[in-house]
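The block underneath contains the structure these notes are about, expressed in C-alpha cells.
Bear in mind these aren't lab numbers, they're just calculated from the coordinates by the rules spelled out. Note that the coordinates shown come from a computational prediction; the quantities given were computed from them, not determined experimentally. Cβ atoms come from the backbone with ideal geometry, glycine included; neighbour counts cover every protein chain shown.
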Amino acid sequence: MYTARVRADALALLRQGDSLSAVARATGVARSTIREWRDCEPRNRPGACPRCDALPIDQEAYAALLGFYLGDGHIARAARYYFIRISCDLAHPRVIDDVVDLLGRIRPGSNVFIVRKPGCVDVQLNWQHLPCLFPQHGPGRKHERKIVLEPWQQDIVSAHPGPFLRGLFHSDGCRVANWATRIVAGKKKRYEYGRWQFVNHSDDIRDLCTWALDLVGIPWRQSSWKTISVSRREAVAALDALIGPKT
C-alpha cells in the first residue's frame, strides 16, 4: 500500500516524459502498479479535483481567480454542487473575459455561465470541489469572518503575486485621476496624476493585498480604514505594467 504522495510523485514523473521503467526505478514501485496508476489517473475524469486527486493546477490562473474571489466573489451551495460567482461591472468587458478565461483554466472543459443583472454580470462556475480550492468559503460575509490563506495558497501567491493583485484590483479596485495645484513662479498650476485604490471592508483581505504589494516592491499607504492606495508616480506605473488596465 503506497501513500498518495508516492503515487503523485510517480504520476508527475510520467507526465514529464519518464518511462514506466524509469519511474519504477526512481520510486521503488512495481512497473505494473505504475501502469495501473497511469491508466486510472483521474486528470480527465469529470469533476476531478486538483486538491483531492493530487492533480496539477494552473497556478497563475488560480492566483488571479483567488484575487477575484476575495475581491468580489462568493461561493454558495446548490442541491448537488457548489457554485462560484464573480461579479463584474458591464463597463469592463475585458475583465469579464478575463474571469471567464480563468474559470475555464481552473476547470478545463467546464461550462462557464454569464448571469445578467442590472448594470453587471455574475460569471459562474458549478463544481462540487470549489470549497477544496477556496477553503476561505464559509457562512456569512467575508469581512465578518477570518480570512487566512493556507500554506499551499501562500506558496502559489508568492510565486504569482502579479495575477493575484490583478484579481484584487480588477474586482474591488479602481484607477482614479487625482489633481492638485501648486504655485509655480507666482502662478497657480494644476497637476493631474493617477492613483490605484483597493477598497475592501475585510482587514484580512486588505492585509493580503498589502502583502502582495510588498512582494513586488510597490509602495502603498492606507488612505482610509477600508482603502489601500498606490499613489506615487513610479508605483502607479509599476502597478499599471503588472496588472494591466481595468477595462
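Legend note: in the chain, cysteines whose Cβ sits 4.7 Å or more from every other cysteine Cβ are CYS40, CYS88, CYS120, CYS132, CYS174, CYS209. Legend: Rg and Dmax of the range 116-216, from Cα coordinates, 18.9, 67 Å. Set the bar at 32 Å for Cα to Cα. Now go through LYS187/LYS226; LYS187/LYS246; LYS117/LYS189; LYS117/LYS146 and name every pair that lies beyond it. From the list (LYS187/LYS226; LYS187/LYS246; LYS117/LYS189; LYS117/LYS146), the Cα-Cα distance tops 32 Å for LYS187/LYS226; LYS187/LYS246; LYS117/LYS189. Under a Gaussian network description of the chain, with springs only between Cα atoms under 10 Å, the residue in GLU234, GLU36, GLU144 that fluctuates furthest is GLU36. Secondary-structure-derived ellipticity at 222 nm for the chain, considering helices only, amounts to -13000 deg cm²/dmol, per-run term -39500 (n - 2.57) for DSSP H runs with n ≥ 4. Short to long, the 5 Å bins of the Cα pair-distance histogram for the range 1-130 hold 2, 10, 17, 18, 14, 10, 10, 8, 6, 3, 2, 1, 0 percent of all pairs. When the chain is treated as a Gaussian network with alpha carbon springs shorter than 10 Å, the biggest mean-square fluctuation among TRP127, TRP37, TRP196 belongs to TRP37. When the alpha carbon gyration tensor of the range 173-243 is reduced to an equivalent ellipsoid, its three semi-axes come out at 27, 14, 9 angstrom, largest first.
I need the Debye-formula profile for the chain: one equal scatterer per C-alpha, no solvent, reported as log10 I(q)/I(0) at q = 0.07, 0.09 1/Å, two decimals. For the chain, the Cα-only Debye profile gives -0.32, -0.49. Angle of helix 233-243 to the longest C-alpha principal axis of the chain, folded into 0 to 90 degrees and rounded to 10: 30°. The long axis of helix 59-72 is offset from the longest Cα principal axis of the chain by roughly 50 degrees.
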